[in-house]
Every structure is written in structure tokens, then in C-alpha cells.
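Quick notes on the structure that follows.
The values are calculated or read from the model by the stated rules, or taken from the named source; none is laboratory data. Since the model is a prediction, treat every value here as computed from it, not as a measurement. Please note: Cβ atoms are built from the backbone with ideal geometry, for glycine as well, and neighbour counts cover all protein chains shown. Surface accessibility is based on the protein's heavy atoms, side chains included, excluding ligands, DNA and RNA. Shrake-Rupley method; radii C 1.70, N 1.55, O 1.52, S 1.80 Å.
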Amino acid sequence: MQKKIDEIEKSIDEAVKDVQSSKTLQEIKMRFLGKTGEISALMKNMRDVPPEQRPSMGKLLNALRQWSEEKFAVIEQRLKEFELKKKYSDEKIDVTLPGRVAPDGALHPNTLIRNELISIFAGMGFEVFEGPEIENDYYNFTALNTPADHPARDMQDTFYLSKDLLLRTQTSAGQIRVMENKKPPIKILSPGKVYRSDDDATHSPMFSQMEGLVVDKGITLCDLKGMLDEFARKIFGEDVKTRLRPSYFPFTEPSVEVDVSCFECGGKGCRLCKGTGWIEVLGAGMVNRRVLEGCGIDPDEYTGFAFGMGIERIAMLKFGINNMKLLFEGDTRFLKQFKS
Ligand code: DAH
């Protein structure tokens, strides 16, 4: 037995001689002290030892176990300290290194104007409704008093997806969806992307509009004018005035084109207003009775006004941008200038 014990001591010494990590040490420890380890096996064999030899054998084995446990504990302690030191030095950071600065983003000028418009109109009690960008012919044209053979269809070059489906050419399509689903009083604002086959310095195949619609008892053109005055003062400046010029849209009667007095020259005439003192900003009018009727609203009981403006156009006017393409190119040198 003594021989066996000596052998085990020797092989433990041998095994731990070059141990480098506490994980390997743990494995070695299991090999000897684990449930099926060599020392545990010897302990189990005690059953076969004659009773009179058991006390002395037991003593020897216990001494072996204690010796090996202590040995493992000492090495383990040493390895743990070493590993901790290594971890600290590996993870050491140089706090004097300058940090990497992530450049801040900024809101796109279109988003700035969209948010500003929503906030102005929300202040007047308008709620936001967003309609789908893929529309059918009915909502984009027919229900807006523009049947298939109507010449006004030529005012907008439409992208058709099929005979009936198209990319909406105007957010006005959303007016119909709202009126079909909601009883007056209605006061909604509908921002969104629209699409037309059109492309030059002031037109893009995709651009954004902001539509407004108010329907209630006793709404008149004066209400429209008052609301537009408020809008123009808030977005372009306190001294800005509006004027209405007769125009034509199939879904409004009467229809108007709305100009604001030039906020650059105060109306004297400059390059921005092309010497006229006025700048055209949007289309509007009283909702055509046929449109109301089509949506199940009695035009003898209710009247309404609607307006629609191009968000890019407002952004270009307000920020002095002369080419619409700048708003779609995503050039950060341009966009940075709008950082507040
Ligand atoms: N939908 C028109 C356009 O895209 C703009 C417009 C004009 C909207 C008059 C309206 C309106 O709601 O009343 O050219």
C-alpha cells in the first residue's frame, strides 16, 4: 500500500509540475480526488482490506488525501493570482487616448419643414392622417371629381402599376379616405410622398406634399383665408401676407392659388419673387359638392375647404435652396448646414 501511495504522490508531483492554468489544475485534481479518481478508488478498496489493518491503512490514505488537497489548494491559489494579474494587464485601457467622436446626425430639411408644418397645424386643431402611397384610380382621381376622360388628368403624369393601381400623384387621395370613414367635423392634415413622371431643377419624380381638409357646418372661404394667414406668418415671418388668385382644381369650387408676400424683399420685388413681390406656395379651394356627395356627406348641410402644398417647395423657399436635387442626394456637406 505504501508503495501505491508513493506512486500516487509521485504522479501528482509530476502532473502539477508544469500546470499553467487553473482549468488544467482542476482536471488533474479530478483525476486523483474526483469521485472516480485514483485516491477515491483506493478509499473504496478499503472494504477488501482485513479489519485489523484498516486503521493504519485509513490513516495513510487520509494523510495522502490531505496532502494532495493542500498541494492543489496552494497551486490553485498561485494560479488564480497569476491569472487575475494577467486579466488586469490584458484589459488595461489607456485613458489618455483621445476618443473616437461619432459625428452627430441632423434632421433633413424636408423633415424639419414637415415637422414645423405639423406643429403649426396641430396648434390649430388638425389631426394627422397618412394614406397609402399605392392608390387605386378611384381615390386618386375619380372620387376627386376627375373621371377617366377628364382633361385634368393630364395635369399630372401618372406612374401606373396596373390598369387600376398607381403611385398616388397627390395626397388629396387621402381626403376621400378620411371623408368615407369619418363624419364631420373633420380637420385633418395628411403629409406624404407623391409620385409624378416629372424631372428638372424644381421637379422630382418623387416628392412630398402636405394636404389639409376641414369639413363642418358653415365653413367658408374666409375660414380658409384666415387659416392661411396664420400659417404664412408662422412659417415665413410675422409680416408676411397672403393673397388668393382664382385657379382650377377638379375637386374644389371655387379653387384658388395662394401666394405669400415675398419674405425676402418685403414685397418690393427681388430675385426670389422674380420682381413680383409675391411667391406662389400652394393650391386650395372649397371642397366641390360632388366630392362631398360621393363620400356620403350632404353638401347642403356641410361645407369644407382643402389645401395642398409641396413640402420640398416650402423647404427650398424657406432655406434658399435653388435645386431640388440637393434635397434627394444625401450629400452630408449640404445636409450639415441644417444642423441646429
Ligand atoms: N392636389 C393638388 C396638386 O397636387 C394640390 C391641391 C390643390 C390640393 C387644391 C388641395 C386643393 O387640397 O384644394 O396639385
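In the stretch 105-134, what residues are open to solvent by less than 30 Å² (accessible area, probe 1.4 Å), closer than 25 Å to L326 by Cα and within 16 Å of the ligand (Cβ to nearest atom)?
Step one: list which residues in the stretch 105-134 are open to solvent by less than 30 Å² (accessible area, probe 1.4 Å), which gives 109-110, 113, 117, 120-121, 126, 131.
From the residues that got through so far, the ones that are closer than 25 Å to L326 by Cα too are 109-110, 113, 117.
The one that is open to solvent by less than 30 Å² (accessible area, probe 1.4 Å), closer than 25 Å to L326 by Cα and within 16 Å of the ligand (Cβ to nearest atom): L117.
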task: Write out, first by first residue and then by second, each pair whose Cβ atoms fall under 7 Å of each other, whose residues are 6+ apart or on separate chains, and whose first residue, in the stretch 308-336, is within 16 Å of the ligand (Cβ to nearest atom) while the second is open to solvent by 50 Å² or more (accessible area, probe 1.4 Å) and assigned to a helix (DSSP H, G or I).
output: I311/R114
- line: (1) charged (D, E, K, R); (2) more than 13 Å from the ligand (Cβ to nearest atom); (3) in contact (Cβ under 8 Å) with a residue 24 or more places away in the chain; (4) surrounded by fewer than 15 Cβ atoms within 10 Å (Cβ to Cβ) all hold for D137 apart from (4)
statement: Checked S89, S56, S119 against criteria (in a helix (DSSP H, G or I) and within 30 Å of E329 (Cα to Cα)); the one match is S119
- line: With criteria (1) outside any loop (DSSP other than H, G, I, E, B); (2) away from the ligand (no atom under 16 Å from the Cβ); (3) open to solvent by 50 Å² or more (accessible area, probe 1.4 Å); (4) over 20 Å from Q175 (Cα atoms), E280 comes up short on (2)
- prompt: Quick check: is even one residue across the stretch 284-299 touching a Phe, Trp or Tyr at 6+ places or on another chain (Cβ under 9 Å), aliphatic (A, V, I, L, M) and assigned to a helix (DSSP H, G or I)?
  reply: yes
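Residues of the stretch 241-265 being open to solvent by less than 20 Å² (accessible area, probe 1.4 Å) and assigned to a loop (DSSP other than H, G, I, E, B), which ones?
P250, C262
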- prompt: When the stretch 176-185 is examined, which residues are found to be surrounded by fewer than 22 Cβ atoms within 10 Å (Cβ to Cβ) and within 14 Å of the ligand (Cβ to nearest atom)?
  reply: R177, V178
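Listed residues G296, G267; which is of a type outside the set (K, R), away from the ligand (no atom under 16 Å from the Cβ) and over 14 Å from A143 (Cβ atoms)? Step through it out loud before you land on a result.
On the way: G296 fails: over 14 Å from A143 (Cβ atoms).
Step by step, each of G296, G267 is checked, and only G267 is of a type outside the set (K, R), away from the ligand (no atom under 16 Å from the Cβ) and over 14 Å from A143 (Cβ atoms).
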